[in-house]
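Following: one structure in structure tokens, then a few remarks.
Any read-out appearing in this document is the output of simple, stated calculations on the displayed coordinates, not a laboratory observation. Everything numeric here is computed off the predicted structure, so don't read it as measured data. Because the Cβ atoms are built from the backbone with ideal geometry, glycine has one as well, and the counts that use them run over all protein chains shown.
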Amino acid sequence: MNISELEKKYNFQYPEIYKQLNDKNMLDWGESGSDWYSTTFPQLKENPPLLLFGYDIEIWNDEELVDTSIEEMSDDEDYRNIHSKYKFVPFAANGAGDLYAFQYDLEKDGDVPVTIILHDEEEAEVLAGNLQDFIFRQLLEAVTEVDEDSMFFEEDEEDMKENLLNQLKTHEPYLTPKQVEILKNIYQRDIFEYTYEVSAGNSFETEGLITFDEVKEILSKEIAFDHLDKTFNYTEY
């Protein structure tokens, strides 16, 4: 993807880590299609590109798609009605159609926060202070719920651990040593069952390598910054 053309057109600079990922073809998940899982995935999993086994995310590697999304967000007739004070540059989406974006109006000292923009609500949430911390968060959250439907699980728990460690190997250059150490330790765990209390009287049973509460605790220590997990109405300022 020729990201320099997007930078020139919209007058912004991608984070350095994003440029490095692009240069190393880490944004490329291969050609999408009905046979992606049977033909492309087996090759990718040996040296996983960015967040191949992430937490409900699909990385974009299409310059035209990014270009169109930026244009739509700045259009007065866009259904989201995003306030002009917010400066979003999308780079990924989840299965529900929500967008992951760099939020440039919060940029500070070269760090550009990553925010999720919900498509069916006028709400966004700041997930990390920079791309490095977002990658770390994704790699943690990916193992809060592990079952046979998880892409990285495949046949059994050993396959899962191999896939996770292969991914960590290709992502290590874009993480801090402390973040790598935390992930390695968690990925060595056995799957366990736990109860997650969403709110008073609302809970569910699941299984994984780490609980949602432990993830929250780790994130508050390792990637804390003023806007972490803050939500806001993106139609207002």
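Brief remarks follow.
- Computed packing ranks the peptides 143-156, 44-57, 125-138, 167-180 as 125-138, 44-57, 167-180, 143-156, most packed first, by mean other Cβ atoms within 10 Å.
- Distance from the range 32-70 to the range 72-140 (C-alpha centre basis), Å: 19 Å
- Highest-fluctuation residue, Phe41, Phe91, Phe204 considered, GNM on the chain with Cα pairs under 10 Å: Phe204
- In a reduced charge model with +1 at each Lys and Arg Cβ and -1 at each Asp and Glu Cβ, the range 136-199 shows a dipole moment near 700 debye about its Cα centre.
- Cα gyration tensor shape for the range 131-170, rounded if a/c is under 1.5, else prolate or oblate: oblate
- The listed peptides 213-221, 82-90, ordered by packing as a protection proxy, come out as 82-90, 213-221 (highest mean of other Cβ atoms within 10 Å first).
- Subset of Lys8/Lys178; Lys45/Lys87; Lys19/Lys108; Lys184/Lys230 violating a 25 Å alpha-carbon distance limit: Lys8/Lys178; Lys45/Lys87; Lys184/Lys230
- Three-way shape call for the range 56-207 based on the alpha-carbon gyration tensor, with the a/c threshold at 1.5: prolate
- Every helix of 4 or more DSSP H residues in the chain counts as -39500 (n - 2.57), and over all residues that averages to -10000 deg cm²/dmol at 222 nm.
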